[in-house]
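The structure under discussion appears below in the form of structure tokens.
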Amino acid sequence: MATYTLPELPYDYAALEPVINPQIIELHHDKHHAAYVKGANDTLEQLEEARDKETWGAINGLQKNLAFHLSGHILHSIYWHNMTGDGGGEPLAADGVGDLADAITESFGSFAGFKSQLTKAAATTQGSGWGVLAYEPVSGKLIVEQVYDHQGNVGQGSVPILVFDAWEHAFYLQYKNQKVDFIEAMWAVVNWQDVAKRYAAARERADVLLLAP
């Protein structure tokens, strides 16, 4: 039995048009996300073999591969649910996401300031990567992280609640090399209900990170 499995999309391939076309969604989910799932499972098998045989010559590469593929699987699993064809705008108390809206204002000064920071973080990630809104449990505030590949530049213990995929496979067929245009368009499909649920869940388990006994 594989440890990780590819989750089903919560909508059909055309659900996010015109922001993301169906061909991108199909390739992104069925090929790219699936490859990260397979990579994580294959790496776990290789690590098991290394333990059994006590052959540790490739340990550094295997650990890096596990972090890469597993983080790719986790981030994509969040990404699909962070989007909806009925999304966009900004989180409002009237829509039942007031706690999230208040946290964004407290952490960034305003929604506009937050939106600008996350947009720039995602659009200017060197090479391939993500822009991430995360709950940081030590301060109890929200932070923006600029994630290289899938796992770099991450505050330990922070919980991603909103992720913008800035890898070329997420947009190139539609937006060509205009990453900024894609990131700006993404705001029209943000599922604030999903982000708010992730924020609430992250707060509830914030005490699992013990800095001292």
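Quick check for me: using +1 on Lys/Arg Cβ and -1 on Asp/Glu Cβ, what's the dipole size of the chain about its Cα centre, in debye to the nearest 20?
440 debye
Report D for the chain in µm² per second (integer): Stokes-Einstein, Kirkwood Rh on Cα pairs, 25 °C, 0.890 mPa s.
Rounded, D is 135 µm²/s.
Could you tell me what percent of the accessible area of the chain is made up of carbon and sulfur, with a 1.4 Å probe and every protein chain present?
Heavy-atom surface of the chain belonging to carbon and sulfur, 1.4 Å probe: 50 percent.
Select from 140, 77, 173 the residue farthest towards the positive end of the dipole of the chain; place +1 on Cβ of Lys and Arg, -1 on Cβ of Asp and Glu, and compute about the Cα centre.
After comparing all options, I get 140.
Per residue of segment 158-172, what does 6.51 cos²θ - 1.76 cosθ + 1.60 with θ = phi - 60° give for ³J(HN,Hα)? Whole Hz please, x for Gly and Pro, Karplus curve as stated.
Whole-Hz 3J(HN,Hα) from phi for segment 158-172: 6, 10, x, 10, 9, 10, 10, 7, 10, 5, 4, 5, 7, 8, 4.
Could you point to the residue in 62, 186, 124 farthest towards the positive end of the chain's charge dipole, with +1 and -1 charges on the Cβ of Lys/Arg and Asp/Glu respectively?
124
Assuming 0.890 mPa s and 25 °C, estimate D for segment 9-109 with Stokes-Einstein, Rh taken as the Kirkwood radius over Cα pairs, in µm²/s.
The calculation lands on 148 µm²/s.
Accessible area per residue of the chain at 1.4 Å probe, in Å²?
Counting only protein heavy atoms, the per-residue value for the chain is 52 Å².
With bins 5 Å wide starting at 0, give me the P(r) of segment 106-213 over every alpha carbon pair, in whole percents.
2, 12, 21, 23, 19, 12, 6, 3, 1, 0, 0
Which distance in Å, rounded to a whole number, links the C-alpha centroids of segment 164-186 and segment 29-66?
So the two Cα centres are separated by 29 Å.
With everything on Cα atoms, drop me the angle between helix 111-123 and the longest principal axis of the chain, reported from 0 to 90° to the nearest 10.
40 degrees
For every helix of n ≥ 4 consecutive DSSP H residues, a contribution of -39,500 (n - 2.57) applies; sum these over the chain, divide by its total residues, and give [θ] at 222 nm rounded to the nearest 500 deg cm²/dmol.
-14500 deg cm²/dmol
The values are calculated or read from the model by the stated rules, or taken from the named source; none is laboratory data. None of the values given here were measured: they were computed from a predicted structure. Using ideal geometry, Cβ is built from the backbone for each residue, glycine included, and neighbour counts are taken over all protein chains shown. When the accessible area is computed, the model is the full protein with side chains, heavy atoms only, and any ligands, DNA or RNA have been set aside. Shrake-Rupley method; radii C 1.70, N 1.55, O 1.52, S 1.80 Å.
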